[in-house]
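Written below as structure tokens is the structure these notes are about.
The values are calculated or read from the model by the stated rules, or taken from the named source; none is laboratory data. Values in this document were obtained by computation on a predicted structure and should not be read as measured data. Heads up, the Cβs are rebuilt from the backbone with ideal geometry, glycines too, and the neighbour counts pull from every protein chain shown.
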Amino acid sequence: GAVVSQHPSWVICKSGTSVKIECRSLDFQATTMFWYRQFPKQSLMLMATSNEGSKATYEQGVEKDKFLINHASLTLSTLTVTSAHPEDSSFYICSARDPEWDRSLNQPQHFGDGTRLSIL
Amino acid sequence: LAKTTQPISMDSYEGQEVNITCSHNNIATNDYITWYQQFPSQGPRFIIQGYKTKVTNEVASLFIPADRKSSTLSLPRVSLSDTAVYYCLVGGRTGGFKTIFGAGTRLFVKA
């Protein structure tokens, strides 16, 4: 249980293209999902918190017009990198909490396997 | 959110027990301590979580002293496949479950 799926796992596109990444909770409903970015040999950096039915909350320094987040249902959040440039090339990871997953714990996040974005 | 500090890297040999300590001096009363493992080009995977004292599951143990300002992840008898980056995170309901990743510890297990 508690599986989070990301799609696509890998995408290469030209500079100026907009790219959409999907994050799905496969067997649970997630009112909150998180989006991270990770550069090579570095840790994960939280970009934004995606809330179902409301606007996402962005971390300081993350351009909300650049990284559009939509959380239209309890099982799907999308991240769109608009007008992507080579500096946006990175590994993007989403996570979600399953409120029903082992109530004895403090609802740890379950992560997708990431999307590697390469902008040429 | 409490900041965490871990050793940048550790080396070990197969079959040894590995202990990775994390400092979190500013942990809040309602915060939990969670450890994740990450392999290259994959998302982090949950290992173990605790609030105080000792927690054990099928893959690891987590030791938390009474003041909760640190925690130690213990991996018994590591194998080559345990080579990964290990992250200690602190957070909980009060912070909206938002988690800030520290630098993590890169564990390298040698034959």
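Only one entry in B:A84, B:A28, B:A66, B:A111 is small (G, A, S) and closer than 15 Å to B:K3 by Cβ, namely B:A28.
Being within 16 Å of A:L46 (Cβ to Cβ) and in contact (Cβ under 8 Å) with a residue 12 or more places away in the chain is the filter here; which residues of region A:63-77 pass it? The answer is A:K64, A:K66, A:F67, A:I69, A:H71, A:S77.
Taking the stated definitions as given, is B:T99 in contact with a strand residue (DSSP E or B) (Cβ under 6 Å, 6 or more places away or on another chain) and at pLDDT below 95? So B:T99 fits the description; yes. Restricted to strands (runs of 3 or more DSSP E) entirely inside region A:26-120, those with at least 3 residues that are more than 12 Å from chain B (Cβ to nearest Cβ), at negative phi and among the hydroxyl-bearing types (S, T, Y) are A:76-81.
Residue-by-condition table, conditions (1) of a type outside the set (A, V, I, L, M); (2) within 27 Å of B:V85 (Cα to Cα):
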{"residue": "A:S15", "(1), (2)": "yes, no"}
{"residue": "A:A30", "(1), (2)": "no, yes"}
{"residue": "A:A56", "(1), (2)": "no, no"}
{"residue": "A:K64", "(1), (2)": "yes, no"}
{"residue": "A:T80", "(1), (2)": "yes, no"}
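The single condition among (1) assigned to a loop (DSSP other than H, G, I, E, B); (2) free of Cβ contacts under 8 Å to residues at least 60 places away in the same chain that A:T17 does not satisfy is (2). Any residue that is within 14 Å of chain A (Cβ to nearest Cβ), in a strand (DSSP E or B) and among the aliphatic types (A, V, I, L, M) - is there at least one of those in region B:15-31? The answer is no, given that none of the residues of region B:15-31 is within 14 Å of chain A (Cβ to nearest Cβ), in a strand (DSSP E or B) and among the aliphatic types (A, V, I, L, M).
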